[in-house]
1. Determine whether region 25-40 contains at least one residue that is in contact with a helix residue (DSSP H, G or I) (Cβ under 8 Å, 6 or more places away or on another chain), open to solvent by less than 30 Å² (accessible area, probe 1.4 Å) and free of Cβ contacts under 8 Å to residues at least 60 places away in the same chain.
2. Within region 166-175, identify whether any single residue is modelled with pLDDT of 95 or more and part of a loop (DSSP other than H, G, I, E, B), and answer yes or no.
3. For region 184-215, give me the residue count where each residue is assigned to a helix (DSSP H, G or I) and open to solvent by less than 70 Å² (accessible area, probe 1.4 Å).
4. Just need a number here: residues in region 164-217 that are of a type in the set (S, T, N, Q), more than 17 Å from the chain's Cα centre (by Cα) and at negative phi.
5. Which of the residues belonging to region 154-166 are open to solvent by 10 Å² or more (accessible area, probe 1.4 Å) and under 14 Å from residue 141 (Cα atoms)?
6. What are the pairs, 6+ residues apart or on separate chains, where a residue within region 93-121 that is within 19 Å of residue 20 (Cα to Cα) has its Cβ under 6 Å from a residue that is open to solvent by 10 Å² or more (accessible area, probe 1.4 Å) and among the hydroxyl-bearing types (Ser, Thr, Tyr)?
7. Filter region 81-112 down to residues that are over 16 Å from residue 127 (Cβ atoms) and either aliphatic (A, V, I, L, M) or buried (at least 19 other Cβ atoms within 10 Å of the Cβ) (or both), then give me how many there are.
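The values are calculated or read from the model by the stated rules, or taken from the named source; none is laboratory data. Bear in mind that the values here come from a model prediction, so they are computed numbers and not experimental data. Here Cβ is always computed from backbone atoms with ideal geometry, including for glycine, and neighbour counts include all displayed protein chains. SASA here: full protein model, heavy atoms, side chains in, ligands and nucleic acids out. Shrake-Rupley method; radii C 1.70, N 1.55, O 1.52, S 1.80 Å.
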Amino acid sequence: MMYVKKNDRSIDIPLKNVVLKGDLSVPPNATALVLFSHGSGSSRFSPRNMYVVNTLKEEGLGTLLFDLLTLKEDLVYQTRFNIDLLTQRLVAVTKWVKRQQLTKDMALGYFGASTGAAAAIRAAAHFGSDIMAVVSRGGRPDLAYSALMRLKAPTLLIVGGWDQEVLELNQKAYEKLNCKKKLEIIPQASHLFGEKGKLEDVARSSANWFNKWLVVKKEKNVQE
C-alpha cells in the first residue's frame with residue numbers, strides 16, 4: 001500500500017517472510033533509481049543518507065530508502081552484522097522494484113554505507129549488468145571480498161581521509177575491482193563525515209557518479 005505525497009511515497013515492501021518499510025521518491029521524468037543500503041544500527045531515517053537522498057532528488061534521480069531489518073530484528077546485535085541476510089534483503093527488494101509499474105523500467109544503482117556497502121557490492125555482483133552503478137560511503141568492501149572481482153557496475157569508493165583503518169581496507173578492495181572504479185578520499189573527514197562541508201562533498205560526488213553511469217547509460221539504451 002502506498003501513501004502518496006507529491007512525488008514521495010511511504011511504502012510497505014512485502015517479501016517472502018517479512019514486510020519492510022521504505023520511502024520512495026520518484027521525481028518527474030526520472031529514469032534512474034538509487035536504492036540505499038544503510039549500515040549496522042542505522043535505518044531509513046539516517047540523517048546522513050537522507051542528506052544524500054535530497055541531493056540526488058535535486059538532480060532528478062529517484063531514491064528508495066528502506067529498512068533492511070524489521071524493528072524486532074534490529075534489536076539483535078548479531079543480526080545487524082549479518083551481511084548474508086542484509087544482501088538477501090537487498091536482492092529481494094531489488095527484484096520487487098523491478099516488478100513495480102512505476103520503477104520496473106528504471107536504471108538501478110546502489111548507495112551503501114558502512115556494512116551496508118558490503119551488502120550493496122554483493123547484491124550488485126549477483127545482478128551483474130542489471131545494476132549500473134555503486135557508491136560506497138565509508139564502506140566495508142572487505143566484508144564482500146569474494147564479490148569484488150565479479151562486480152561489473154562502475155563503483156565509487158568514498159572514504160574520509162582521517163578514517164585510516166577503513167581507508168586501508170578500501171585501498172585493498174580497490175585493487176581487487178575489475179570494473180570501472182574510483183577511490184575518492186575526502187580530506188580532513190572522519191568515518192561519518194560530520195565535519196563541516198564534508199557530507200556535502202560526499203553527496204555531490206555521489207550525484208556526479210550516478211549521473212554519469214545511470215542517466216547517461218539509460219539514455220543510451222533507450223536510443224538503441
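1. Within region 25-40, one or more residues are in contact with a helix residue (DSSP H, G or I) (Cβ under 8 Å, 6 or more places away or on another chain), open to solvent by less than 30 Å² (accessible area, probe 1.4 Å) and free of Cβ contacts under 8 Å to residues at least 60 places away in the same chain.
2. The answer is no; no qualifying residue exists.
3. Number satisfying all stated conditions: 14.
4. 4
5. Result: 165, 166.
6. 115/40; 119/87
7. 3
Let's see how each residue does on (1) of a type in the set (Phe, Trp, Tyr); (2) assigned to a helix (DSSP H, G or I); (3) free of Cβ contacts under 8 Å to residues at least 60 places away in the same chain; (4) open to solvent by less than 80 Å² (accessible area, probe 1.4 Å):
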site: 133; (1), (2), (3), (4): no, no, no, yes
site: 142; (1), (2), (3), (4): no, yes, yes, yes
site: 146; (1), (2), (3), (4): no, yes, yes, no
site: 150; (1), (2), (3), (4): no, no, yes, no
site: 178; (1), (2), (3), (4): no, no, yes, no
site: 182; (1), (2), (3), (4): no, no, yes, no
